[in-house]
Every structure is written in C-alpha cells, then in structure tokens.
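Some notes on the structure that comes next.
The values are calculated or read from the model by the stated rules, or taken from the named source; none is laboratory data. Because the structure is a prediction, the values reported are computed rather than measured. Note that we place each Cβ from the backbone using ideal geometry, even for glycine, and neighbour counts take in every protein chain shown.
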Amino acid sequence: MSHTRYHSSIVWLRRDLRLSDNPALYHACQQSQQVIIVYIHADDDDSPWAMGSASRWWLHHSLTALQQQISQLGGRLILRSGPAHTTLDSLIAESGAEAVFWNRRYEAAHREQDRLVQTQLAQQGVPVHDYQSGLLFAPGTVLNKEGLPFRVFTPFWQACQKLGLSQTLLPAPAQLHTSTINSLSLADLKLLPSISWGQGLQAEWQAGEAQAHRLLQAFCEQALNDYPQARDEPGINGTSRLSPHLAFGEITPRQIINALLEHFICQTKDGGACDHYLRELGWREFAHHCLYHFPQMTSAPLNRRFAAFPWRHNPALLRAWQQGKTGFPIIDAGMRQLWHTGWMHNRVRMIVASFLTKNALIDWRLGAEWFWDTLVDADLASNSFNWQWVAGCGLDAAPYFRIFNPVTQSEKLDAHGRYLRRWLPELSTLPAKWLHQPWKTPETIQEECSIRIGIDYPTPILDLGSTRQQALLLHKQLPKLH
C-alpha cells in the first residue's frame, strides 16, 4: 500500500461511472487522506458528437445510481457543469486539492482536452495521475511485427490473447469521506428530455454498476452456454445486454473476462461459448484501437476507394427507415425496437445498416448519426467502426457484395415471428407463412386477419433485387487504388 502523499485529491470521473476496478479512484484513495469525486458535465452541443438523447437519459440514471453508492460509503458525488479546465480550477481553489486523478480517454478530441488540462494544472503545480481503465490494453500498445497498427481483426485479437486477457481487478474503496464544497443537483444538468419519451427506456433498463454485475452474473449462469446459437435470434434474450454498461464504464472488460473465466475453463482454440463472447469484447477493443490510430474513422471512409461513392440524397426514404416504415418487417421491427428501448439486437443492426447503405444507397454517416442519438449504448468507436464495416468501406470490412436480404434473414433468425410480432403488432395476426413478406399475403387472408397491407402496414419502399444489382454495379465502378 502506498503511503499518503496528498491531503486531498480530486478524482475526475468521465465514462468510468463505477467504484470497483477503477484505477483513478483506487490510487487516489491509496495516496490521499481525502478524495473528492467529481463529475463535470461539459455542454458541448457544438461538437459533432455531443452526447445523444438516449445517452443523456442513461447518464442521468447512471449518476443517480453512483450518487447512492458513494453516499452509502460516507462520501458525496460533486456535480459541476462547464468547461473542464475552468471547472477544475474552481474545484481546486475551493477544496485545496493537491492532485487530480483520472482514467484516460482515447478519442482524439478528448485526448487533446486532457492534454491541455494536464498542461494547465502542471503550470499551477498540481500533478495529474492518469490510468488505462476502460479497455483491455492501451491503444498504441498492441501493434504488428512492423510496429504498425493492425488493420485486420483476427491477428489483432490473437496478439491481445498472447498478451493475456485475464488481469488483476482493483477493489472498490471501503469508505469515502464527504466533501462540503458546492455541488449542482442532477436536475441542474438537464439531462432528461423535456418531452417525456423515455418511458420505453425506463421499462427496459436499469443503469448503474450494481445492475451491470447482476446482468453479468445472470448471463454467465443462464445464457452463456447457449450464446453461440442464441446470440443470432432477436426474439429471445440470448445476449448479455451489457453494452450500455460498458459504454458508460459501469463495468470493465477486465471484470467481464474474469467472470467468464471463473465460470468456464476458457480454451480459446476450442471455439466454445466463452470464446464466442470474448471475441465480441475483442471487436469492441479493435474498434477503439482503430479510432485511436485512424481518428478520421468517424467522418471519412477508411477504404479510400469509397471517397467519391455516389450516395443518394433521399430524405423520405431515410425518414421511413428511421421510423420503421419501410415495408420490410425485420427492418421495421429493429428500428421500432431502437426507438422504444434505445437498443437493437446486434444481428438486426447489421441488417438495417446493410439495407440503408446498400439497398437504399444512403450514406453510412447518416445511419451512424441516427444510431448515435437513439442508442443508450452509443460508443463513438464501435458505432463508427460498425457502420463502416457493414457499408464495406472500413479497414476490416464485410465485403461489399455481402448484402443482407431482409426477408431471408428474417425467416432464418426469427422463424416463429416472435420478434416481428412484438414490435409490429399490426402484423401479429398474420400466419407465419406471410409474416416475413406481408405484401404477398392474399387478400382473402388479409381480410381474415383484419389487416390491409398498404394501409395498416406499408408495402415495400424499394425493390430488393434491382437495388442489390445497382449497388453491386456501383461497387464495380469504384476506382482501383494502387
């Protein structure tokens, strides 16, 4: 244990809203008599990636849970709003804090902000202690034999596995000390929507560290064995649903891996259930490392052949996709699930993204923006990476000719129609034979089921065959780069 070096220190929380396995908090407690835990809400509405509406809803409830946790240990979460450097200056002046601890962020804009704050604090004689926290490995430390970033997932993940996935976890503090400095109330941060559309989110989710660990335990005990098959079926609860908890740092990848290893002797070569889930954490890790090395990933195709791709301007089609009114049930079910719950099944995310970028030929960036605003698990690295992956213009992308057919995908993944009937109640009376392509339903069946296709539910907004051929033709015409 380190001897006490500071009378008081500030722990500046960002996307690490937890008490356990939190290096900044752990080391601050080891090195300080008093720790002041602070969350600063920066009003960055002018940023192209300011926090979306669903994320703001989650943040409100995550901070609520964290406040209660800290209070139970005798401490207090200090909430402030404003630019980070001036807010930290004020906090230091008010508290007499002698050091600031934080966990590193790796997005380019955040790295620059942290660099500036660290420089300004150093000029005042206030040291900063920063730590790797939210990923398995710090970006820049997993490189190929030439010392360059990996551009393909499989060798990247193999390199991660060689470095060792299981790591020692840090305990939560046993107690915290209260602070008398001023704090805003959560309501002052104005994170919740002024129009109350969050009831679906409220019914679906519980934010916070404790809930993240409850979900992890339930997943390990009840769903992990069946994960390789169940993860592709949107109509059943076959995934961990930990993504928003990961996005807000309520749980760490290390904690998830250690829990998996406790439940399974995980041989990474046997292709078992555990390995399938570990690979999903690997894709998240890869996305974050890619964004670190290629910060343009949020706004420009990483495959330069797509720089001049002729995306279509079609606001009506984009709106129909956003509202779940395309006439293709699996697309519409997914988009309505997203709007209602702030989340969409991962396999369905691929299908709706393929439809938008390849059948509708609408720019992947417009899809990424919609997901950013509506997902509770919105994560800049994963969102940008996954949209480029499906659009075929990323580093390790799906081949462009891989165009998901929403009808065959629907029949394969939701054969009994459980997912479709839940999110498209207007189709719930249709027999399974017609559920996946309702526009083919005979009029006599429509009458029996009291549904009129084209009125109660839309007919398809485009033709899958001709739009597929058009997409493939445009791809063939892309310039060859040498």
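Before moving on, here are some points about what is shown:
- Test: residue in the stretch 175-184 that is within 29 Å of residue 288 (Cβ to Cβ), part of a loop (DSSP other than H, G, I, E, B), touching a residue at least 12 places away in the same chain (Cβ under 8 Å) and of a type in the set (A, V, I, L, M): no
- Hits in the stretch 165-183 (condition: modelled with pLDDT under 95 and either within 24 Å of the chain's Cα centre (by Cα) or of a type in the set (D, E, K, R) (or both)): 165, 166, 167
- Consider the stretch 43-82 and keep the residues that are outside any loop (DSSP other than H, G, I, E, B) and charged (D, E, K, R). The one that is nearest to the chain's Cα centre (by Cα) is 56.
- Among the conditions (1) surrounded by fewer than 21 Cβ atoms within 10 Å (Cβ to Cβ); (2) in contact (Cβ under 8 Å) with a residue 60 or more places away in the chain, the only one that residue 86 does not satisfy is (2).
- Against the conditions (1) without any contact (Cβ under 8 Å) to a residue 12 or more places away in the chain; (2) crowded, with 19+ Cβ neighbours inside 10 Å, residue 214 satisfies every one except (2).
- When 121, 63 are checked against the criterion of being more than 19 Å from residue 50 (Cβ to Cβ) and modelled with pLDDT of 95 or more, 121 stands alone in meeting it.
- Within the stretch 217-245, the set of residues being touching a Lys or Arg at 6+ places or on another chain (Cβ under 8 Å) and either free of Cβ contacts under 8 Å to residues at least 12 places away in the same chain or closer than 17 Å to residue 64 by Cα (or both) is empty.
- Among the residues of the stretch 8-34, those identified as touching a residue at least 40 places away in the same chain (Cβ under 8 Å) and assigned to a helix (DSSP H, G or I) are 23, 24, 25, 26, 27, 28, 29, 31.
- Helices (runs of 4 or more DSSP H) completely within the stretch 326-433 that count 2 or more residues being charged (D, E, K, R) and modelled with pLDDT of 95 or more: 329-341, 346-354, 364-374, 406-413, 418-423
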